[in-house]
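Report on the structure given below.
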Amino acid sequence: LGLRKSAELGNYVLVSTFMEAPTFGVVAVDTEYNADGELFCFSYTCIEGRAQVIMASWEGASTVLASIMSTSERVVFHSAQADIPKILKFCGHKMGGPFDWGKVEDTIVQAYLLGKQPLALKTLAENELGLTVIRLKDVLPEGSELSEVPIESLVRYSGQDADLTLRLYNKFREEIIK
């Protein structure tokens, strides 16, 4: 009947007021960058179907991101080698010491170990989770900048990526344990 399973897009929120820095067990993090490679926003979640998005321009953004990176038991990425160097640059001295790479999990590595192909986040989510996803081309017309994307669309896109990362991590982790 044309029904599609979605990534529950209504549960992604923009955080724009001061809050106490979060502490998590397992947290999935995703980042979005502008054309010059600078962090534009990031999203994070520890609960499937939900995510918080923080604009890098927000005064407390680097403090929250540094807290997530340094106090979480596990930090999950989809392509850690791309995200972490830019996160460390953005957070700078707020990390409180060297980053513990031992707590990093990467869904690309999990997918590779399980023989999944292709390794792209959105394709894995469609194939492995049966979800209909929002792709960058759906929110960012060719030649446009992230700053031109309506905030609601950006929150859905970025929040979805953290959510999909956590969902894939949980699924793949179970498969690897078996």
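The values are calculated or read from the model by the stated rules, or taken from the named source; none is laboratory data. Quick caveat, the model's predicted, so the values are computed rather than measured. In this analysis, Cβ positions are derived from the backbone assuming ideal geometry, glycine residues included, and neighbour counts consider all displayed protein chains. For the accessible areas, the whole protein counts, side chains as well, though only heavy atoms, and no ligand, DNA or RNA atoms are used. Shrake-Rupley method; radii C 1.70, N 1.55, O 1.52, S 1.80 Å.
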Next item on the list: Exactly one condition in (1) of a type in the set (Ser, Thr, Tyr); (2) touching a strand residue (DSSP E or B) at 6+ places or on another chain (Cβ under 8 Å); (3) buried (at least 18 other Cβ atoms within 10 Å of the Cβ) is not met by SER70; state its number.
Entry: (2)
Notebook entry, point to check: What is the number of the single condition among (1) open to solvent by less than 30 Å² (accessible area, probe 1.4 Å); (2) under 20 Å from GLY37 (Cβ atoms) that LEU124 does not meet?
Noted result: (2)
Next item on the list: Read through the list (1) surrounded by 21 or more Cβ atoms within 10 Å (Cβ to Cβ); (2) modelled with pLDDT under 95, then give the number of the only condition that THR132 fails.
Entry: (1)
Notebook entry, point to check: Regarding VAL104, is this residue under 23 Å from GLU175 (Cα atoms) and open to solvent by 50 Å² or more (accessible area, probe 1.4 Å)?
Noted result: no
Check: On the given criteria, is TYR112 closer than 27 Å to VAL15 by Cα and either touching a residue at least 40 places away in the same chain (Cβ under 8 Å) or open to solvent by 30 Å² or more (accessible area, probe 1.4 Å) (or both)?
Finding: no
